Amino acid sequence: MARMKFLCDAERCIECNGCVTACKQEHEVPWGVNRRRVVTLNDGLPGEKSISVACMHCSDAPCMAVCPVDCFYKTAEGVVLHDKDLCIGCGYCFYACPFGAPQFPQDGAFGLRGKMDKCTFCAGGPEDDNSAAEFKKYGRNRLAEGKLPACAEMCSTKALLGGDGDVVADIYRNRVLKRGKGSEVWGWGTAYGKPEKGATPPTGAKS
Amino acid sequence: MQVRLKQWLVAAILACGLFSLPVVAAEPGSAKEQAAQQRTQPGNNQPFWSDVRGGDNPYQTTQVRGVESSVLMQPAGETWRQLRNGVITIYGGWLIVAVMALIGAFYWWRGPIKLHEKQTGRQLLRFGSWDRMVHWSVAISFVLLAVTGIIILFGKHILLPIFGYTLFAWLAILAKNIHNFVGPVFAFCTILMFITFVKDNLPKLYDLQWISKAGGLFSGKHVPSGRFNAGEKAWFWGGVTLLGIVVSVTGFVLNFPNFEQGRALMQQANVIHAIAAVVFMTLSLGHIYIGTIGTEGAYEAMRTGYVDEAWAKEHHEFWYQDTLANNKGGGGVASPVAAAALKEGWKA
């Protein structure tokens, strides 16, 4: 089975924020929550580059390791998902995540942050696929519909690639060979550099 | 002068910032150096990508608002994970278990410290109603924080396998909210406790004698002391005051993320909070043991406020003499509360 991965080609990203908008539109995420963001490095200087970043669905996910209620799980395709019914909103996943992926709908005085929200690789949550409950909590389940993440599909320069890690890596390799530069696959060492952990397909909803 | 002060401040913050070390790599001006390198070594992107790990580069921007949203990657999260999931959870957990076992063994070996003399029936007021109110406010909030903190840190390993996901998540949400709302109450009551008891906890010369004999822990012979002996004073200064301040300050950092503090600060606060809390809990086990089953008459003193004269003479001889002197030689009074306490409790 495919191991899903994101890859952002910094040579191609033009900081249009189309991926951010596509994500917001697809999942109707609440105001203030950004599952994906574009960060520009050396903004306005020669050699400026931009990277679109969201949850990378790590092989050894730190969020999963530190969660006090163990609300994270990993699908058979390596997508890291979480159960909002279990989430206590402690914010530990936000401390641990290298990519700043976990988001919280509330400002958090007295630690009241609400349920954590993050990129699902357009794979929903533990509820039934494409059910109303799933959409309300996690957004659309495009993988269940046979589609890939909306952000990558919407990318105007095809800088953001999302899908089977092997296929994505092949596309990128060909690009690097053709253009002769920009071989740095940003974030892959951190996200996928460690052995896979916790990749057991969930048997229905946890809760 | 002001500039130098600022530099010192920055240096001090950096020195404290165990996890913020990678930030040091992203010096200001490095972006310009990179621009120069783009001309001489157009294919070498190494310095550029090193910069990704630092967040305070002014040339790193994003349109998304939020705390540190312009930071692409923060490697300190992994350090925090290793510390919390490793050292703190494993050693901290076993430390609490070990101290409980030690106290259990001590109780089995020595049993409770009983009164040597017969009770006189005359009562001395040891803790007034304000003293007791403050003590029990701190004690109850402390126990609530300890239990809920244990659920948050160790519950995943101890309770989750027994309770299952749904029930444990419900319990954890309850624990988190109790922890977050009782925390500030504890901090406030701790300040009151400090003010209330600081006078009688100031170190005195005769405390040295108590320390050198370890309070008669092994000999079984009491060492004369004031209202509080050196052991109680150590608990007051090291536990209530020092650890109280540490857990309260770090707790506030974690409890109010609405002030938009960064992740590095919260990671450091969490590590210090957890370590201090584990030490605080282990020390409190000793205090609770000595104050309840470990010493005859100690719990009643804090519940009713009164102690028997015989108890006062044995445990706190200097305080006993002072109190008698202040009472103008009248001795103790048999208050109705104390009489009731005597009726139900601590028989010789």
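Read-outs throughout are calculated quantities, based only on the coordinates presented, and are distinct from any laboratory measurement. None of the values given here were measured: they were computed from a predicted structure. So basically every Cβ, Gly included, is an ideal-geometry build from the backbone, and we count neighbours across all protein chains shown.
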Derived scalar couplings ³J(HN,Hα) [the stretch B:120-131; Karplus, 6.51 cos²θ - 1.76 cosθ + 1.60; whole Hz; x for Gly, Pro]: 8, x, 8, 9, 10, 6, 9, 10, x, 5, 5, 4
field: Contact order relative to length of the stretch A:17-106, as percent, for alpha carbon pairs under 8 angstrom and 6 or more apart
entry: 26
- request: Could you tell me how many degrees, from 0 to 90 and to the nearest 10, lie between the Cα long axis of helix A:18-27 and the main elongation axis, the longest principal axis, of the Cα atoms of chain A?
  value: 20
- prompt: Calculated from DSSP H runs of 4 or more alone, at -39500 (n - 2.57) each and per residue, what is the 222 nm mean residue ellipticity of the protein assembly as shown, nearest 500?
  reply: -15000 deg cm²/dmol
message: As a footprinting exposure proxy, order A:His57, B:His157, A:His27 by other Cβ within 10 Å, with the fewest listed first.
response: B:His157, A:His27, A:His57
message: Tell me which of B:Leu285, B:Thr250, B:Phe228 sits at the most positive position along the dipole axis of the stretch B:227-324, charges placed on C-beta atoms (Lys, Arg +1; Asp, Glu -1).
response: B:Thr250
At R0 = 60 Å, FRET efficiency that the Cβ-Cβ distance of B:Ile211 and A:Lys178 yields, to 0.05: 0.20
- prompt: Distance in nm between label sites at B:Trp136 and B:Leu285, each 7 Å beyond Cα in the beta-carbon direction?
  reply: 2.6
- line: Cα-based Debye curve of the stretch B:192-323 sampled at q = 0.12, 0.19, 0.20 Å⁻¹ gives log₁₀ I(q)/I(0) of -0.58, -1.11, -1.20
message: Quick check on the protein assembly as shown: of the DSSP beta bridges with both residues there, what percent are antiparallel, nearest 5%?
response: 95
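For B:Lys118 and B:Gln321, what does the FRET efficiency come to when R0 = 30 Å and r is the distance between their Cβ atoms, rounded to the nearest 0.05?
0.90
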- request: Might you report the magnitude of the Cβ-based charge dipole of the protein assembly as shown about its Cα centre, with Lys and Arg at +1 and Asp and Glu at -1, to the nearest 20 debye?
  value: 460
query: Magnitude of the Cβ-charge dipole of chain A, K/R +1 and D/E -1, about the Cα centre, nearest 20 debye?
result: 360
field: Partner chain coverage, peptide A:101-113 - average Cβ within 10 angstrom
entry: 5
- prompt: In chain A, which longest range has no GluC sites (Glu not before Pro) that are both DSSP loop (not H, G, I, E or B) and surrounded by at most 14 other Cβ atoms within 10 Å?
  reply: A:29-195
statement: Nearest 10, in degrees from 0 to 90: the angle of helix A:165-179 to the longest Cα principal axis of chain A is 20
query: List the chymotrypsin sites (Phe, Trp or Tyr not before Pro) in the stretch A:1-82 that DSSP assigns to loop (not H, G, I, E or B) and whose Cβ has at most 16 other Cβ atoms within 10 Å. Which are they?
result: A:Trp31
